[in-house]
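Report on the structure given below.
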Amino acid sequence: MKYEVHYHDGFFEIKDYGDAEAVRFRELVDLLLAHEKWKPGTAILVNHSELNAGPLTVSDIYYMAGSFVRSRVQLGQARIAILVARDLEYGMARMRTGFVDGKWDVIENVFRSRDEAISWLKDV
């Protein structure tokens, strides 16, 4: 799995691609939080449109959820739009959101359209 983190006009975009690896998601969160423009509450577009979540297990999804919850304070009340292209990644994203529900202050939603995801992020 490879990933990139970019800042665009008020929001971050995390783009990952290749075969998903649960431990790499922790690296990705650490990279985001170390970015010079990061501040709690900043909007995030997580672009999984080229990710293959097939290798992930339910235990992996639970581990990933824990990684995000451990960053609760640093994330603050961020809005996270998760962009996916396939049903598999949609289901995995929804599973992870279920695991973190009520354990952090982030508001998140899953999308299949980049334009809709960005519009939702900017609709404050």
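Out of curiosity, is W38 in a loop (DSSP other than H, G, I, E, B), modelled with pLDDT of 95 or more and surrounded by 13 or more Cβ atoms within 10 Å (Cβ to Cβ)?
Yes, satisfied.
Taking the conditions exactly as written (over 21 Å from F99 (Cβ atoms), among the small types (G, A, S), part of a loop (DSSP other than H, G, I, E, B) and in contact (Cβ under 8 Å) with a residue 12 or more places away in the chain), does G54 satisfy them or not? Before you say what the answer is, go through the steps one by one.
Numbers: over 21 Å from F99 (Cβ atoms): no; among the small types (G, A, S): yes; part of a loop (DSSP other than H, G, I, E, B): yes; in contact (Cβ under 8 Å) with a residue 12 or more places away in the chain: yes.
For G54, the condition - over 21 Å from F99 (Cβ atoms), among the small types (G, A, S), part of a loop (DSSP other than H, G, I, E, B) and in contact (Cβ under 8 Å) with a residue 12 or more places away in the chain - is not met.
In the stretch 84-118, how many are on the phi < 0 side of the Ramachandran plot, assigned to a loop (DSSP other than H, G, I, E, B) and over 13 Å from the mean Cα position of the chain (by Cα)?
Start the filter on the stretch 84-118 by keeping residues that are on the phi < 0 side of the Ramachandran plot, which leaves 84-101, 103-118.
Narrowing further to those that are assigned to a loop (DSSP other than H, G, I, E, B): 84-86, 101, 103-106, 112-113.
Restricting the remaining residues to those that are over 13 Å from the mean Cα position of the chain (by Cα) gives 85-86, 101, 103-105, 112-113.
Qualifying residue count, the stretch 84-118: 8.
What number of residues within the stretch 108-118 are over 16 Å from I14 (Cα atoms) and either among the aromatic types (F, W, Y) or at pLDDT below 95 (or both)?
Let us first name the residues in the stretch 108-118 that are over 16 Å from I14 (Cα atoms), namely 116.
Cutting the leftovers down to either among the aromatic types (F, W, Y) or at pLDDT below 95 (or both) gives us none.
Final tally of qualifying residues: 0.
Is there a residue in the stretch 103-116 that is in contact (Cβ under 8 Å) with a residue 60 or more places away in the chain and crowded, with 17+ Cβ neighbours inside 10 Å?
Kept after step one, since they are in contact (Cβ under 8 Å) with a residue 60 or more places away in the chain, are these residues of the stretch 103-116: 114.
Filter again for crowded, with 17+ Cβ neighbours inside 10 Å, leaving none.
Within the stretch 103-116, not a single residue is in contact (Cβ under 8 Å) with a residue 60 or more places away in the chain and crowded, with 17+ Cβ neighbours inside 10 Å.
Pairs only if they're at least six apart or on different chains, beta carbon under 6 angstrom, first in the stretch 14-30 and within 14 Å of V46 (Cα to Cα), second among the polar types (S, T, N, Q) and modelled with pLDDT of 95 or more; list them, first residue then second.
Filtered contacts from the stretch 14-30: K15/N47.
The values are calculated or read from the model by the stated rules, or taken from the named source; none is laboratory data. Source: prediction; values computed, not measured. Positions of Cβ are backbone-derived with ideal geometry, glycine not excepted, and every protein chain shown enters the neighbour counts.
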